[in-house]
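This report concerns only the one structure given below.
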Amino acid sequence: MTEDGSDPIQSGFTPPPTDLALLSSNEAGALCLKAARGAGMSWGLAEEAGYAAAWLYTRGINGPELLLRHLNWIADRAYGNVRPAGHENPVPSDGTALCPVALGASLSDGCTIPQGTIGPVQVPVLLLPFVHQLAVSAASALRLRWNGGHVSVSPEGYVSGDMDDLTALDVTELTLQTDDTSDVVPVSQIAPVPIRRSVLSDLNAYAMQTTVPASSASREDAGSAAGDND
Amino acid sequence: MTTTSTDQCDDPGAFRRPPSDVMRLARMGAAHPTRLSFLRMLLRRVVAERWRFDRPVWQMDAKGVGRAVYRAIGPERTYSLVAFAHDLPEEMRTDRVIATAWDATFALFDGTPSENDLDRLEANVPRQEAGRVGPSELSLSRANRSVRLFAHVVDRLASGRQPDRSEMAAVGYLMRTTAVYGSGKFGAADRERIADRAELSEPFQAEMLSVWLTREFSTDLVEHIAAAKGGEKAARLDADIKRELGVGNSTGLGMAPFLVRHPVLLNNWMAAREEALARVRALEFASPQSVQSLHDALEDAQSNATDWHSEHPIQVAKLADLRTDLGRIAARLKTWPGEEPRPWDALWRWGEELSLEGQEALLALLLEPHGAIVDELADEMSADEADCFRIDGRMTVSTLRQALEEGFDWALAINFDDPQQTARFWYVSEEKLEPRLGSRAREAGAELEQPLCIARLAQGLHRALGGWDQNALVAEFLLAEPEHRFMVRRAQVQQRYPYAEVRDNLIAEDMLPIDLMRCKLAFFGASRFDPRSDKWVRISLFQGEPYPSDMEYAG
C-alpha cells in the first residue's frame, strides 16, 4: 500500500490527502466490510461489521475508527475464543472478552435480550447497531448499562445517553433492558465526523489483505482484446 | 407512444414466467432494452415535467481543453453536469479502470455550482478515484473519445461538410464513458440522501442524467473544435446525423458482480419486467392503436438490428438469430391478431419457438405499446437493501434447509467435484480494486476468492445444515459456523424475492461474464451491445433519442 494519494494504481481505496476526511456512509461501510474480512472475519460477519461501522458513522460517531480499534485487538485471536459461549449465554468462551460484532449478530439473530450480565465486551459501542435491531424487534427502546453510565437506542434508531463515555470504553461488562423513558435525538441533526488519515490507511491495509497482487497476465485478461485508440 | 385505455388487464399472475426460466445466464445474456429501462424513465419524466436545460459555462480553448457546465432544471431542483475536457496523449488512452487520465471527466452536481465549487471540482474530478468529491456531488465519471470518428467529424465539419454516414454508423458515438460512479463513491452523496426525491427514486437516474448531458457535451465539443479549426466555413452537425449519435460506454468485469451483490435490486428489476410482460399477455384485446404501435416498434427494432455491428463470434451468431427472428415476427404479424382470445398471449406463446434473442426482443416489443399498464412498474424497481439485511435466526435448521432445496435446487444439482464446474474464481485485484476472474488451475489467489460463487456456497450450506439437529435454530447454527452467515442471508432473501439469484454456476469454465453485463446494460437502456472479449464490452446509450437541447414544449 502506498501513502502517495496521487498514485491510484498501487492502492485500492485512496485515503484523502488531508489529515481529516469525511466519507459517505456507503464508503465507510464498504471499507469497513473489507477491512473486517481482511482482519479475518467470515464474509457474513464482515458484512455485519460494515453495517455496524456505517450505522454509527451516520449518527456522528466514528464507527470506522472504533472498528479499527477492535480489528487490531481481534486480528490475532481465534473466533472460537471471542464468540459468545452460547446463543443465550453472552459470555466469552475463554473468559477474556467478546467480539461485539459476533455478539451483536448472535443477539440480533435470536432476538435475544439477555437477562443477566453480558460480556466483558470489547469496544462495546460497536454493539449499539445490533441493539437497534433488537429494539426494532421488541418495539421498544433498549437501554445498555455499564458500571458508570448508560445509552438508549429507540426502534427508530435514535441514540441518547452517555455516548462519549461508551465510545471511550475499551472493554466492559453490560446489561440490556427495555427503556420507555429515553429522549430521542433525530439522526438528521447530527453532523458527520471527520476520520483521521492514519485510521483510513490502517483500515485500508486490512482491506488490501482481501485483494490479489497484480500480475501482467491477470491485467491483460480482464480487458478488451483490442486497444482503445480506435 | 400510443397507449389506450380500452385494453382490459386481467389477473396477470398466470402469465408470469417463473424464475427458473428467467434467471438463466443465457437468457439474461439475450436481454433487450425495454420501456422500463432506466434511460427511458428519465426521458419520460423530463418531458412530462417539462424540464429545461442550459449551458451557463463554456470555457474551452481551440484544442477543446477547458470546462463547461450543463444544467437540468426540473420542477423542484436543478442538477448540473460539470465537465472538464483534457488534452490526452494517445499512449495514456485506455478504457480500463487502471487508467489515470481521460479525454474528459465529469461530476453531476446537486444544484448550480459556484465558481468556488468549480475550482474545487477541477482540483479533484480530473483525478477521478485519486480525488475526492462530497455530498453535493451525485456522480463521478469520465469518457474517452472515439479517436477515429471524433477526428473524422472535426475534419468534415471544419471544412464545412457533414461526416460520412457509414463512418458514423460504424461507431455510433463520439465519446464513451468508461466509469460512472454514484451512490457515495469517493465521498459523493449517499443514495439515502437522494432516494426520497421523486426524480431520483427510480434506479440510476442521476447516472442516466449525467450520461445524457455528456452526450450533449460530446457534440458541443466536436463542433467547438471544428469551428476553431475551420473558422467561418465550419459547419454544425446536421440534426438527423446528430440524433444517430449516442454516448458510448466501455465496461469490463466490474459491472458483472454488481448484479450478484445486489440480489434484492436484481429481483425488483426482473420482477417488474416480468410483471409487465404478464400484464400484456393477460390482455383480452388488441386495439388497432396498440397493434399499429407494435408494428412501429418492430420496424425500429429491425432498423436497429441492421445497424448493430459486432465482430465478436458470439455476438455475430446472436445478431444472425435476432435478424432472422425479427423477420419471422414480421411475417407472423401479417395475420395477427386473428380471432384468438388473448391475442398478446397467443403471440407470445407462438414466439416461444424463437431463439433466446428473438424471445427477449419480442418481450421488449410487446411492452412498447402498453405504457398505460407498464410504466407505473418503474416505481417498484428500486430497493432498500438494508431492509433485508437482518437474518432471521429464529428459523429452524429444517426450514432453512427446505428453503434451500426449493429455491436453490438448481445449485444443489451441480457436481462441484467436476473441475470444469470450479474452473474459475472471482477476485479483486490490488490494482484499483478491479474485479477479475481467474483460472483456478493456472493463477494464484484462489484463497482470496470473492463470495460470488453462490451455487457452491448454497451447496456448502446445505451440507453443513445436514449435520445439525433439524430443530435447532439458525441462530445457534451461525454462532457455531459463522462461515455460512453470508449464504444464510442470501437464502433468506431468496425466500422473499424469487428473482434474486442468477440460476447458473458463476465459476464454471463455460460461464460468460458478458451475459451478466448485457442484462444489466439492457436495464440501463443500452443498445448495440458489442463484446470485445468474453469479459469486456462496448455499448451505446441514448442513440436515436432526443438531446437535452431538443426539449421544447408547446404551450
| query | Scanning region B:248-276 for residues that are touching a Lys or Arg at 6+ places or on another chain (Cβ under 7 Å) and of a type in the set (A, V, I, L, M, F, W, C), which turns out nearest to B:GLU434 (Cα to Cα)? | reply | B:LEU253
| remark: Across region B:243-254, the tally of residues that are assigned to a helix (DSSP H, G or I) and surrounded by fewer than 20 Cβ atoms within 10 Å (Cβ to Cβ) stands at 2
| task | Report whether or not B:LEU354 is surrounded by 20 or more Cβ atoms within 10 Å (Cβ to Cβ), in contact with a helix residue (DSSP H, G or I) (Cβ under 8 Å, 6 or more places away or on another chain) and part of a helix (DSSP H, G or I). | result | no
| So B:GLN289 clears everything in (1) part of a helix (DSSP H, G or I); (2) free of Cβ contacts under 8 Å to residues at least 60 places away in the same chain; (3) on the phi < 0 side of the Ramachandran plot except one condition, right? Which one? | (2)
| query | How many residues does region A:56-65 contain that are in contact with a helix residue (DSSP H, G or I) (Cβ under 8 Å, 6 or more places away or on another chain) and either free of Cβ contacts under 8 Å to residues at least 12 places away in the same chain or surrounded by fewer than 24 Cβ atoms within 10 Å (Cβ to Cβ) (or both)? | reply | 5
| With (1) closer than 26 Å to B:PRO19 by Cβ; (2) modelled with pLDDT of 95 or more; (3) in a helix (DSSP H, G or I) as the list, and B:LEU283 as the residue in question, which single condition is left unmet? | (3)
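Which residue, of A:ALA78, A:ALA138, A:ALA102, A:ALA85, is within 11 Å of another protein chain (Cβ to nearest Cβ) and either at positive phi or surrounded by fewer than 17 Cβ atoms within 10 Å (Cβ to Cβ) (or both)?
Working: A:ALA78 fails: within 11 Å of another protein chain (Cβ to nearest Cβ); A:ALA138 fails: within 11 Å of another protein chain (Cβ to nearest Cβ); A:ALA102 fails: either at positive phi or surrounded by fewer than 17 Cβ atoms within 10 Å (Cβ to Cβ) (or both).
After applying the criteria, what remains is A:ALA85.
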| Options B:GLU274, B:GLU284, B:GLU232; residue that is charged (D, E, K, R) and within 28 Å of B:ALA169 (Cα to Cα) | B:GLU232
| field | Hits in region B:235-284 (condition: closer than 27 Å to B:PHE15 by Cβ and polar (S, T, N, Q)) | value | B:ASN267, B:ASN268
| message | Yes or no: region A:36-44 includes at least one residue that is crowded, with 23+ Cβ neighbours inside 10 Å, more than 9 Å from chain B (Cβ to nearest Cβ), in a helix (DSSP H, G or I) and at pLDDT 95 or above. | response | yes
| query | How about region B:147-212: which helices (runs of 4 or more DSSP H) wholly inside it have at least 1 residues that are of a type in the set (Ser, Thr, Tyr)? | reply | B:165-171
| remark: For region B:431-453 the number of residues that are closer than 18 Å to B:PHE186 by Cβ, surrounded by fewer than 23 Cβ atoms within 10 Å (Cβ to Cβ) and within 7 Å of chain A (Cβ to nearest Cβ) is 2
| said: Checking the conditions here, which among B:SER146, B:SER166 is among the small types (Gly, Ala, Ser) and either more than 11 Å from chain A (Cβ to nearest Cβ) or free of Cβ contacts under 8 Å to residues at least 12 places away in the same chain (or both)? | reply: B:SER166
| query | Just wondering, is there one or more residues in region B:471-481 that are touching a residue at least 12 places away in the same chain (Cβ under 8 Å) and away from chain A (no Cβ under 13 Å)? | reply | yes
| task | Kindly list, by first and then second residue, each pair from a residue in region B:247-260 that is within 12 Å of another protein chain (Cβ to nearest Cβ) to a residue that is at pLDDT below 90 and in a helix (DSSP H, G or I), limited to pairs with Cβ atoms under 8 Å and residues at least 6 apart or on different chains. | result | B:GLY248/B:VAL171
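A quick yes/no check of all residues on (1) in contact with a helix residue (DSSP H, G or I) (Cβ under 9 Å, 6 or more places away or on another chain); (2) of a type in the set (D, E, K, R):
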position: A:SER24; (1), (2): yes, no
position: A:LEU31; (1), (2): yes, no
position: A:GLY44; (1), (2): yes, no
position: A:GLU48; (1), (2): yes, yes
position: A:ASP76; (1), (2): no, yes
position: A:ASN81; (1), (2): no, no
position: A:GLY95; (1), (2): no, no
position: A:CYS99; (1), (2): yes, no
position: A:LEU126; (1), (2): yes, no
| Of all the residues that make up region B:224-240, how many are in a helix (DSSP H, G or I) and surrounded by fewer than 18 Cβ atoms within 10 Å (Cβ to Cβ)? | 7
| query | Do we have any residue at all in region A:108-118 that's at pLDDT 95 or above and away from every other protein chain (no Cβ under 11 Å)? | reply | no
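The values are calculated or read from the model by the stated rules, or taken from the named source; none is laboratory data. Since the model is a prediction, treat every value here as computed from it, not as a measurement. Note that we place each Cβ from the backbone using ideal geometry, even for glycine, and neighbour counts take in every protein chain shown.
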